[in-house]
Amino acid sequence: MFQDNMSTKEEDNFSRSFRNAVHHALSSKFENVRQLKPVQEEALLQFICRKDVFCFLPTGCGKSLIFQLVPLVCAYLHNEKFNYPEKPILLVICPLSALVESHIQELANYGILSCNLGNGGLIEEEISQHSIVFTSPELIVRDERWRKLLQSQEFQDNLFGLVTDEAHVVPKW
C-alpha cells in the first residue's frame, strides 16, 4: 500500500497523518460529510500514494468527493513534512461542461478554488492559483495555448494528479 522503502513506523505515521488529513478536510470544508465510505477512503489513499486508481461506483456514492479532497489532503500532508506539494493542483478532464460548472460552484461553496480552462475569461497566469483545474478532452487536443500552459514548469511542479470524470460519455477519445 505504501512506498516500498517505508519502515513500519513511517507507515504508521503516514497512516495516522492521512486519517488526520481526511478528518481535517471533512470537518473544515465538507461539514455535511462525517466520514468517508471505506471504498472512498481506499481510493483516496491509493491516489494520494500516487497509485493509478479506477473508481467505478454507482451514482450518489461520492466519486467526486474523492478527487475534491486530494488538494486538501496533500496540503495537510505537506504541513506534516511529508513529500507533497504545498499547493497541489489536480487536473480534471470532464467532457460535460454543465457538470464542470456544477463542480466549480460546489467547490466554491466549500472554499476551494477551481477553474475551467474552457472559460474564455480565464487568465493564464491565474491557473496555478487554483487547486482543481477542469478541462475537456477537446480543449487539450485543440488548444495549443492551454496545452503549453499545462506543460509549463510552474504547472508541472504543482501538478499532483490527473482525474478523468464521466469518461463513459466520451464515445471515442
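The values are calculated or read from the model by the stated rules, or taken from the named source; none is laboratory data. No experiment lies behind these values; they were computed from the predicted model shown. Using ideal geometry, Cβ is built from the backbone for each residue, glycine included, and neighbour counts are taken over all protein chains shown. Quick note on the areas: whole protein, heavy atoms, side chains included, nothing else; ligands and nucleic acids left out. Shrake-Rupley method; radii C 1.70, N 1.55, O 1.52, S 1.80 Å.
The figures follow:
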read-out	value
Separation in nanometres of the label points that stand 7 Å from Cα toward Cβ, at H24 and E11	2.4 nm
Whole-number percent relative contact order across the chain, with pairs defined as alpha carbons under 8 Å at least 6 apart	21 percent
Potential extension, N79-R142 segment - 0.36 nm per residue separation minus Cα distance	18.9 nm
Set of aspartates and glutamates with alpha-carbon distance to K51 below 13 Å, sequence-local pairs under 8 removed	D4, E42
Rough spin-label spacing in nm, given labels placed 7 Å along Cα→Cβ, for A98 and Q153	4.4 nm
P(r) of segment 1-54 over all Cα-Cα pairs, binned every 5 Å from zero, in whole percent	4, 19, 25, 25, 17, 8, 2, 0
Cα long-axis angle, helix 63-79 against the chain (0 to 90 degrees, to the nearest 10)	60 degrees
Ranked by how many other beta carbons lie within 10 Å on average, peptides 8-18, 50-60 from highest	8-18, 50-60
0 to 90° range, to nearest 10: angle between helix 38-48 axis and the chain longest Cα axis	80 degrees
Out-of-range pairs (alpha-carbon distance over 21 Å; input K9/K81; K29/K87; K37/K81; K63/K148)	K37/K81; K63/K148
Accessible area (Å², 1.4 Å probe, nearest 10) - Y110	40 Å²
Within the accessible area of segment 58-150 (1.4 Å probe), percent carbon and sulfur	51 percent
Prolate/oblate/rounded call for segment 54-133, Cα gyration tensor, a/c under 1.5 rounded	oblate
Crossing angle, helix 97-109 versus the chain [Cα axis fit, 0-90 degrees, rounded to tens]	50 degrees
Per residue solvent-accessible surface (Å²) - segment 56-153, probe of 1.4 Å	52 Å²
